[in-house]
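Let me begin by presenting the structure, written as structure tokens, before commenting on it.
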Amino acid sequence: MAPKQTPGMTGSKPTKDERREAAREKARLLREQEAKRAKRNRMLIIAAVVLVLALVVFAIVQITRQNNVAAASTANVGEDYGISISTDGAATTAAEGGASEVAFYVDSTCPHCVELDNAALDPVKAHIAAGDVQFKYYPVAIDPIGPQYHDQSQWGTTSEFYIASQAPEYFHAYHEALMNDQTGWFAQISKSAQAGIAAPGTDVLGEIARSAGVPEDVASALVDDVKTPTWMKVAEAATNAFRDGGFTGTPTVTLNGVVNESYGGIDTAAITTWLAGVADGSIK
């Protein structure tokens, strides 16, 4: 009687040669799969390298273009990027004859600059009108509250040069509105941070300009223009000049070109006394 066969079985074992051939075939298939996998990985690596190189080239081109951009032409701004104030609060490069010069190096996103500006507001305005002290402002952009507000620092600084050039008669009024501790640029940044919302854009600078009486055409143009490479180049150059002069922080106050730390800090009474001494010549 013939032996029973298990379904699916031939009833005979593979020979040694058949087993060897099967092993070879299996190895061949594995080699093919590995070759395909290696080829695919090489293609992915090549694509990634090409993408990275393209991004690097793009970045270099953008940086080169940025570096080659000429700064916007300014008016009523000194060669050292200082903006003098006339007796009617306008931006000018003509200093009042014979008056001692008090200069403020400030960043509109600097909280200490805001404190100083607000504390000094009334005595500064009084001496501007009297013409017995020559005030000069040096807007700079040093990211005093961190790189996350780099744009705001740049835009705020750029806007001061923009107003000095485009609407000079409103410069000091704009500067004071920009630095207002309740509604100014830093105040708006602080409010957005506390509310957990995006930092203010240049449209807010347009609103600040309008609040200072800046004509609508200039205020509207400012919103877009201060973000352009040509105008931001002005802020960059002013900040580089600040650092080249050996200055590192804001606010910095100078009297007749020399750093002065006795101006009274953020004490209005002390600032009033100090400026009175500067005006009458007892403080030099």
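The values are calculated or read from the model by the stated rules, or taken from the named source; none is laboratory data. Only a predicted model underlies this, so the values are computations on that prediction, with no experimental measurement involved. FYI the Cβ positions are ideal-geometry reconstructions off the backbone, even for glycines, and counts take in every protein chain you see.
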Q.
Looking only at the range 208-230, how many residues end up being closer than 18 Å to ILE83 by Cα and surrounded by fewer than 23 Cβ atoms within 10 Å (Cβ to Cβ)?
A. 1
Q.
Which numbered condition in (1) surrounded by 22 or more Cβ atoms within 10 Å (Cβ to Cβ); (2) assigned to a loop (DSSP other than H, G, I, E, B); (3) β-branched (Val, Ile, Thr) is the only one that VAL102 fails?
A. (2)
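Considering only the range 118-137, I want to know if a residue exists there that is under 18 Å from the mean Cα position of the chain (by Cα), more than 20 Å from THR202 (Cβ to Cβ), outside any helix (DSSP H, G or I) and of a type in the set (Phe, Trp, Tyr). Talk me through it step by step, then tell me what you get.
Applying the first criterion (under 18 Å from the mean Cα position of the chain (by Cα)) to the range 118-137 yields none.
Looking through the range 118-137, none of the residues is under 18 Å from the mean Cα position of the chain (by Cα), more than 20 Å from THR202 (Cβ to Cβ), outside any helix (DSSP H, G or I) and of a type in the set (Phe, Trp, Tyr).
Restricting attention to the range 227-284, report how many residues are assigned to a strand (DSSP E or B) and touching a residue at least 40 places away in the same chain (Cβ under 8 Å).
Just the residues of the range 227-284 that are assigned to a strand (DSSP E or B), to begin with: 252-255, 258-259.
Among the residues that remain, those that are also touching a residue at least 40 places away in the same chain (Cβ under 8 Å) are: 252-255.
Qualifying residue count, the range 227-284: 4.
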(Q) Given the options ALA187, ALA129, name the one that is closer than 22 Å to THR93 by Cα, assigned by TED's automatic domain parsing to the domain that holds PRO251, surrounded by fewer than 19 Cβ atoms within 10 Å (Cβ to Cβ) and of a type in the set (Gly, Ala, Ser). (A) ALA129
(Q) For the range 229-284, give me the residue count where each residue is in contact with a Ser or Thr (Cβ under 8 Å, 6 or more places away or on another chain) and charged (D, E, K, R). (A) 1
Q: Give the range 49-76 a look and list any residue that's at pLDDT 95 or above and in contact with a Phe, Trp or Tyr (Cβ under 6 Å, 6 or more places away or on another chain), or say none.
A: THR74
**Q.** the range 231-284, residues that are among the aromatic types (Phe, Trp, Tyr) and surrounded by fewer than 19 Cβ atoms within 10 Å (Cβ to Cβ)
**A.** PHE247
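This table checks each residue for (1) of a type in the set (Gly, Ala, Ser); (2) over 24 Å from ALA99 (Cβ atoms); (3) crowded, with 17+ Cβ neighbours inside 10 Å.
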position	(1), (2), (3)
PRO144	no, yes, yes
GLN154	no, yes, yes
THR157	no, yes, yes
ILE163	no, no, yes
THR183	no, yes, no
ALA193	yes, yes, no
ILE197	no, yes, no
